[in-house]
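Right, one structure below, let's go through it.
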Amino acid sequence: MKTPRLPTFFVSHGGGPWPFMEGDYRLAHAKLEASLQALPASLPARPKAILMVSAHWEESAFTVMNSPAPGMLYDYGGFPPHTYEVVYPAPGDPVLAERVVALIQAAELPAARDSQRGFDHGAFCTLVPMYPDADVPVVQLSLKRGLDPADHLALGRALSPLRDEGVLILGSGFSFHNLRLYGTAGREPSAAFDAWLQTVLPAPDGRAERLQTWAQAPAARLAHPREEHLLPLMVAAGAAEGDAASCSYHETEFLGGVTASSFRFG
């Protein structure tokens, strides 16, 4: 039986270790959590594995986590002590990791392997609501330093065959990431930049070209003073370059007034 082609996603991943919190901070993520919980049922088939591109990992080459049993990386600060002991015990997939390296190299992009790194919060806080049993293998893939949109769109194109091999490609970042402007100060710039995304992403024609010039969008550098949280979007879009996109999560009052979105391609 032919494996159904899987869509790709860019997901806004929320703040810090929110799935492991209680109280108001957890409640602030309720709409995001519901969207992530609903994502697996929206797929045409259960993925054989997940390829996770997180905003929280940058290397000089696109680097693939190839451990069979990745650990954890608590790359946040100021949260309750128990959040530095949480575990997401999904297995790795060394065979998939080598496939990813081969695809990247075939596209004449730089590739490397890392057997030591653990899942960062951009990865595990996205996966906990989606697959709480941690029973889908996960391979994490880094961004490339320099944060060139064209490089990351090209990475997505290189990885696109995985969609027909049962691999779910997830880009984990945030549609608005300016920590100084969360709350009411972020209301206008986040809404302006989100409106641009909602206009640019749905139709594939010309999308890659416009994404490469994203910094010209309304409020672009207020939304992303540094673009690492936007680059996973480029990978998801590149891997589904000919496919339409739709908004899979959207709210206008995240953490006191920020507009935030996630997108499905294909």
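Laboratory data are not the source of any read-out in this text; all were calculated from the coordinates shown. Note that the structure is a prediction, hence the values are computed from the model and not measured. Cβ: placed from backbone, ideal geometry, glycine included. Neighbour counts: every protein chain shown.
Under the convention that each Lys and Arg Cβ holds +1 and each Asp and Glu Cβ holds -1, the size of the dipole of the chain around its Cα centre is about 320 debye.
For a paramagnetic label modelled on Asp148 (point 7 Å from Cα along Cα→Cβ), amide N atoms under 15 Å away belong, within segment 193-234, to 212-213.
Please list 195-203, 31-39, 171-179 highest first by mean number of surrounding beta-carbon atoms within 10 Å per residue.
Working: 195-203: 16.2, 31-39: 18.4, 171-179: 24.8.
Ranked from most to least packed, the peptides come out as 171-179, 31-39, 195-203.
Report the net charge of residues surrounding Arg207, where surrounding means a beta-carbon distance below 13 angstrom and charges are Lys +1, Arg +1, Asp -1, Glu -1. Let's see the in-between values first.
Working: positive: Arg157, Arg210; negative: Asp205, Glu209, Glu241, Asp243.
That works out to -2.
Charge dipole (Cα centre; +1 on Lys/Arg Cβ, -1 on Asp/Glu Cβ; no other charges) of segment 84-219 amounts to roughly 380 debye.
Roughly speaking, what is the stretch gain from Leu43 to Glu165, that is 0.36 nm per residue apart minus the C-alpha to C-alpha distance, in nm to one decimal? Don't skip to the answer; put the middle values down first.
Details: separation 122, 0.36 × 122 = 43.92 nm, distance 1.38 nm.
Contour length minus Cα-Cα distance gives 42.5 nm.
DSSP beta bridges fully contained in segment 8-265 are about 35 percent antiparallel.
Excluding Tyr25 itself, calculate the net charge of residues whose Cβ lies under 15 Å from the Cβ of Tyr25, where each Lys or Arg counts +1 and each Asp or Glu counts -1. Could you put the intermediate results ahead of the total?
On the way: positive: Arg26, Lys31; negative: Glu22, Asp24, Glu33, Glu253.
Its environment carries a net charge of -2.
Rank Asp205, Asp24, Asp151 by mean-square fluctuation in a GNM of the chain with C-alpha springs under 10 angstrom and give only the top-ranked residue. It is Asp24. Counting every other Cβ atom within 10 Å of each residue's Cβ, Met130, Met1, Met52 order from fewest to most as Met1, Met130, Met52. Relative contact order of segment 53-110: 46 percent, from C-alpha pairs under 8 Å at least 6 residues apart in sequence. With K and R counted +1 and D and E -1, the other residues having a Cβ less than 13 Å from that of Phe265 yield a net charge of +3.
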